Amino acid sequence: MKLRELFEEATAQPGYYAVGDTHSALLANSSQNEWNNFSEKNASASGGSIVSKLEGIPPGSVVAISAGLNDALHSLSSPEQIAGNINNIIAHAKNKGLKPIYMLFPHGENPRLANVRDVLKGSVNTKTIDLAELPLSPNRLSLSKDGYMRVAKSIMSYIKPSIPTIAAKQPQPQPTPDETAAETQRLMQQNARA
């Protein structure tokens, strides 16, 4: 890593980031530049693209993750595999010192989506916002603009980015001069006997 990259990483301030598929993009775009948009059209939970986006996010940041919809629509992955992939993304975010929130996609009229959602509801390892409980657009697969604004504001009002603290070594108590003299005397006596 170059010196400039190290400096940029060290000075980056935590904030709000939207990572994942179209729901992430719509969340970021609805929030009047308060969210950083790290989304990717048609992102998959099984690829490494979402995890690679997490690498550019400063520790302490709040990350809204949306993934699994494209996997449910376009892959042969089982619901359990999709949930495992999403949990791997969430674990990576947590290990990096991020504060992940998962946005569970609506199911529309698709039975496979409903099935995948049921598995995800019981297995995602972080705070989850169920988008199906908010105002939907006519296609019933995404929220209305007002719905995404509500999600963005809700997250921002309850979870704040934080600058991570580096665990400082606890200072060891220093011996007093009398304790030092006593220890020195004890060691000298011990060495004299040997």
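The values are calculated or read from the model by the stated rules, or taken from the named source; none is laboratory data. None of these values were measured; they are calculated from a predicted model. Note: ideal-geometry Cβ built from the backbone for every residue, glycine included; neighbour counts use all protein chains shown. The accessibility values were calculated without ligands, DNA or RNA, using every heavy atom of the protein model including side chains. Shrake-Rupley method; radii C 1.70, N 1.55, O 1.52, S 1.80 Å.
Things to note:
- Residue match in the stretch 13-28 (condition: assigned to a strand (DSSP E or B), in contact (Cβ under 8 Å) with a residue 24 or more places away in the chain and small (Gly, Ala, Ser)): yes
- Residues within the stretch 32-43 that are buried (at least 21 other Cβ atoms within 10 Å of the Cβ) and touching a residue at least 60 places away in the same chain (Cβ under 8 Å), tallied: 1
- Scanning the stretch 44-102 for residues that are in a strand (DSSP E or B) and open to solvent by 50 Å² or more (accessible area, probe 1.4 Å) gives a single hit, 99.
- Positions within the stretch 78-125 being closer than 26 Å to residue 15 by Cβ and charged (D, E, K, R), in sequence order: 94, 96, 99
- The lone exception for residue 138 - which of (1) loosely packed, with under 10 Cβ neighbours inside 10 Å; (2) assigned to a loop (DSSP other than H, G, I, E, B); (3) modelled with pLDDT under 85 it fails: (3)
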